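Working notes for the structure below.
What follows draws every value from the coordinates through simple rules; no lab data is involved. Predicted model, so just to flag it, every value in this text is computed and none were measured. Here Cβ is always computed from backbone atoms with ideal geometry, including for glycine, and neighbour counts include all displayed protein chains.
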Amino acid sequence: MSRDSALRHLPNALSGLRLAGALPVAWLIGHGDAQWALLLFVLGSASDGIDGWLARRYGWQSQLGGWLDPLADKAFVLAASVALALRGDLAWPLLILMALRDTVIVSGAVAFHLNYAPLRAAPTLLGKLTTFVLLLLVIGLLAQNAGIPLPAMVTTTLTWLGGALIVASGMDYVVRWAAKAHALGRRGSHSTKEPR
């Protein structure tokens, strides 16, 4: 295997490491190891940007990467958020919104894939912005737990902004998939018409 052939799997490897790191980060948060949790979460968050940049820069995109990257993002953020909510650091309504949005997105993707056409994962700009804000919120909460002083307004603003973006991006995904399903349904009905 050539060097280039081996390196093209690097973005997927980074996404896989981020996915694998979700539970260890949650465990560290739950056991009060805030500094280690913060370090690992920051490294994982940085890997999210690096794997995407590598894939786009060198043309290393793949169908596996298209699914693995957003799955790793969701698992990484959600695991840390659950641990923070259990400690009383993250608002439960925000966690519930996150879980509902992810459930809608995943179930919608599966339904579309099974009933209409193979679906290629393609996160929207709004979805990426939502993930970015939630990453910043978790980092802010972990920083506070690690003894790094932050104005309360920072985490409060990120919490409200994150909630608004969760709702907006969830609705955006539903509208997009409904439109695609409707278009494919109309095309399918036209193709089954008997010629006159």
Can you give the alpha-carbon Rg of the range 2-65 over 2.2 N^0.38 Å, where N counts its residues?
1.30
As a test of the formula, what do you get for the chain when each DSSP H run with n ≥ 4 contributes -39,500 (n - 2.57) and the sum is divided by the residue count, at 222 nm and rounded to the nearest 500 deg cm²/dmol?
-28000 deg cm²/dmol
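For the range 32-86, what does the alpha-carbon gyration tensor say about shape, rounded, prolate or oblate, given a ≥ b ≥ c as the root eigenvalues, a/c under 1.5 as rounded, and a/b over b/c as prolate?
Numbers: a/c = 4.88, a/b = 1.97, b/c = 2.48.
It is oblate, given that a/c is not under 1.5 and a/b is not larger than b/c.
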Report the residue, chosen from A178, A80, A72, that carries the largest GNM mean-square fluctuation when the chain is represented by alpha-carbon nodes joined by springs under 10 Å.
A178
Between the modelled labels at V110 and L43 (7 Å from Cα along Cα→Cβ) the distance in nm is 3.3
Restricting attention to the range 42-94, which trypsin sites (Lys or Arg not before Pro) occupy a DSSP loop and are surrounded by at most 15 other Cβ atoms within 10 Å?
R87
Show me the helices of the chain, taken as full DSSP H stretches, that run 24 Å or more along their long axis by Cα and average 1.0 or above in Kyte-Doolittle hydropathy.
63-86, 92-115, 125-145
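What ratio of Cα Rg to 2.2 N^0.38 Å holds for the chain? Please list the in-between numbers first.
Details: Rg = 19.3 Å, N = 196, 2.2 N^0.38 = 16.3 Å.
Computed over Cα atoms of the chain, the ratio equals 1.18.
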